[in-house]
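What follows is a set of notes on a single structure, which appears directly below.
The values are calculated or read from the model by the stated rules, or taken from the named source; none is laboratory data. Model, not experiment: these values are computed from the prediction. Quick reminder, even Gly has a Cβ in these numbers, built from the backbone with ideal geometry, and neighbours come from all protein chains shown. Accessible surface is based on the protein model in full, side chains and every heavy atom, while ligands, DNA and RNA are left aside. Shrake-Rupley method; radii C 1.70, N 1.55, O 1.52, S 1.80 Å.
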Amino acid sequence: MGNRKVVITGLGLATALGLEVEENWNKALSGVSGVSALKLPGAEKSSVQAAGQVSTRDWLQICREFPCEAETEGERRTLFALWASKRALTDAGLDLNGEEHFGFGVSIGSGLGINRLEDIYNWMNAERKFDLSRFASELGRINRESIMRNNASSAASLISEKFGLNGINTTVTTACASATQALGAAFRTIKRGDADLIVAGGADSMINPVGLVFFVLLGSAALAKFEPECLCRPFDRKRSGLVMGEGAGMAVLEDESHALDRGARIYAEVAGYASTMDAWRLTAPNPEGEEAQASMSRALEDSNIEPGQIDYINAHGTSTKLNDLAETIAIKKVFGEGADKLAISSTKSLIGHLLAGSGGPEFVFTALSVARDQIHPTINLSNPDPKCDLDYVPNVMRRKVVRAALSNSFGFGGQNATIVIRKYSGAK
């Protein structure tokens, strides 16, 4: 492993809070919820009644920005990733004009494509069986948003093509840990000298009938009768499950020397990363938080930072009974008596759970906390769970010096990832 320093020079977002980083950040600090009533045809019949949806106005703006891709691709996850990547590159002061750059790459956490029910129904025959022969002869009729047209690597490929990022290209699909693992892979790639700059983060959108029912059947979706904006309640005694969100969060990670040579503005330094696997249950974390603990501890070791130097944790904080408790237990094991001094908050309380993409916006918000010494609140935390008894920055933002912070992502199947961000101290 090389010893290059990796810095953050650009940030981009597309979430239920908006399409610009400053809009997202100001709303997050103000405790504005991006979760709203579900807007799908027939939604009144759904047991899921709320989600963190990108607004129709913002979606149309994205489509206007990328008219060709909107016409030919049309898949929301991919267009969210394109938007956030372009905003991150612009924020980093880069105008690549599609020229080939083999020292620049892409690393993105991306979920599965959309399963369109009509792509099954339209080829059912009179015996209610799927007509394979007719399907094979009519492939052109498949919906452009279908998983059959958009595999997990579509977003990374398109970002590379659009912006001339012709170096390393990575797609990570590891459930809710995907984006943080993609960011970690980008960090290690730059650190060892295999790239100078990587656009990294995550994007996802599963707000569709099949995506929603999947989490209902797993028993992990929030079905309580709260108002939509109050439904996602991490660490609250009345939390009832995750609230789906959609969008993207992307960052430009860059070798420090490369950034300084071109006069880039630096937000913060990526200091360390680690990933572990529970191998416990497909849909439940280890209740003792042992592998989540190992993920955080190893990330700290990788960054050469002591636990007492961490001031903030952007928690995975899903608003599920099992995850919030297991994460709390893991944090206590890592930080011991110092756990009570930590500020902890959940971005998901504001924008919902972006699933494979969730670590992207959370990384962006964590970087801003380190750069600006501000911490967004965990909203809807009005009935504290006595078993979740740490400082989750309830409901009101906080000003606090953040020397270094962790961003956690703990996914289905037991995938865990932690990335460490610290204040940039300048060239050595």
Low-density loop cleavage sites - trypsin sites (Lys or Arg not before Pro) in the stretch 14-46, where at most 15 other Cβ are within 10 Å (DSSP) | Lys39
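Using heavy-atom solvent-accessible surface (probe 1.4 Å) with all chains present, what is the largest-first order of Glu145, Glu20?
Sorted descending by solvent-accessible area, the residues read Glu20, Glu145.
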So what's the stretch 235-337 giving for Rg/Rh, alpha carbon basis, Kirkwood Rh from the mean inverse pair distance?
-> 1.04
If we restrict to alpha carbons, what Rg and Dmax does the chain come to, in Å?
-> 20.6, 73
Once the Cα gyration tensor of the stretch 154-205 is found, what semi-axes does its equivalent ellipsoid get, as square roots of 5 times the eigenvalues, in whole Å, sorted largest first?
-> 18, 16, 7
Ratio Rg/Rh [Cα only; Rh per Kirkwood] for the stretch 1-101 | 1.06
Normalise the Debye intensity by I(0) for the stretch 336-393, one equal point scatterer per Cα, no solvent, then take log10 at q = 0.19, 0.24, 0.25 Å⁻¹ and round to two decimals.
-> -0.80, -1.09, -1.13
Hey, what did the chain get for relative contact order, percent, Cα under 8 Å, at least 6 apart?
-> 24 percent
Based on DSSP, what percent of beta bridges with both residues in the chain are antiparallel, to the nearest 5?
-> 65 percent
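In percent, how large is the relative contact order of the stretch 339-428, given Cα pairs closer than 8 Å and 6 or more residues apart?
30 percent
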Mind pulling the per residue volume of the convex hull built on the Cα atoms of the stretch 132-222? Å³ is fine.
-> 146 Å³
Over its alpha-carbon atoms, the stretch 307-361 yields an Rg and a Dmax in Å of 11.8, 32
Taking +1 at the Cβ of each Lys and Arg and -1 at the Cβ of each Asp and Glu, which of Ile147, Ala222, Pro41 sits farthest along the dipole of the chain towards its positive end, judged by Cα position relative to the Cα centre?
-> Ala222
Using +1 on the beta carbon of Lys and Arg, -1 on that of Asp and Glu, and nothing else charged, what's the dipole of the chain about the Cα centre, debye to 20?
-> 660 debye
Alpha-carbon Rg/Rh ratio, for the stretch 387-428, with Rh computed the Kirkwood way = 1.08
Place the peptides 417-426, 9-18 in order of packing, highest mean first, counting for every residue the other Cβ atoms within 10 Å and averaging per peptide.
-> 9-18, 417-426
Can you bin the stretch 287-428 into rounded, prolate or oblate? Criterion: square roots of the alpha carbon gyration tensor eigenvalues sorted a ≥ b ≥ c, rounded for a/c under 1.5, prolate for a/b above b/c, oblate for the rest.
-> rounded
Can you find, among Ala92, Pro234, Thr189, the residue farthest towards the positive end of the dipole of the chain? Put +1 on the C-beta of Lys and Arg, -1 on that of Asp and Glu.
-> Pro234
By the mean-Cβ-within-10 Å protection proxy, highest first, 55-68, 400-413 rank as 400-413, 55-68
